[in-house]
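First up is the structure itself, then whatever we jot down about it.
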Amino acid sequence: MATQDLMAKTPQNAAPVSRSGAHTERRGSRRCKITQLMRIRPSDPEREHFDDLRGTLSVSRTGVYFQTTEPGYEVGLRLFVTMPYSQVAVGMSREYLAEVVRVDSLANGMNGIGFKILMEMGMQSGFSYGFSMQRK
C-alpha cells in the first residue's frame, strides 16, 4: 500500500461522502439542551392575547426553541419572554423582547417555536415607578 493511500481521507473500501446533502450550520452560537420554565406573551396590544408557560428544549445566547400547543405564534411576532419564570417574588427572572423566527409543525401535534432575543428588558423581581418615596 502506498503512503498516499494511507493518508487518504476516505478508506479504500468506503464510499465517498457526498457534500451536496451536508447541512450548513447557520447559528452564531452553540445550543444547550436544557429545560427552563418561561412565560411568553405577545408584545403587540393589537394581537390576540395569550399567556404561554413552557419549558425550553434548547437555548443559546441569542435564541430559544420550545414546543407549544398555542396556535397564536407566527414568524415575525414580537414577544415578551420572562425566564427563568417563577411565581416566587424572590426569583431572578429577567424579561426579554424577542421575535419568532421559526414555526415548525411537529408530528406530535404541537408546534416547534424558535425565537431570537432582541433585547433584555430588565429584572422582574421588584417594581420601580421611577420616583423615590424619600423625603428631603
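What follows is calculated from the coordinates using simple rules that are stated; it is not laboratory data. The structure presented is a predicted model; accordingly, all values stated were derived computationally and were not measured. Glycine also receives a Cβ, built like all others from the backbone with ideal geometry; neighbour counts cover every protein chain displayed.
All other residues whose Cβ lies under 12 angstrom from that of residue 99 are scored, Lys and Arg at +1 and Asp and Glu at -1, for a net of +1.
Ignoring solvent entirely, what values of log10 I(q)/I(0) come out of the Debye formula for the range 60-102 at 0.34 Å⁻¹ when each Cα is a single scatterer? Log10 I(q)/I(0), no solvent term: -1.29.
Calculated on the alpha-carbon coordinates, the convex hull of the range 27-123 measures out at 106 cubic angstrom per residue. Our estimate of slack between residue 60 and residue 108, defined as 0.36 nm per intervening residue step minus the Cα-Cα distance, is 14.9 nm.
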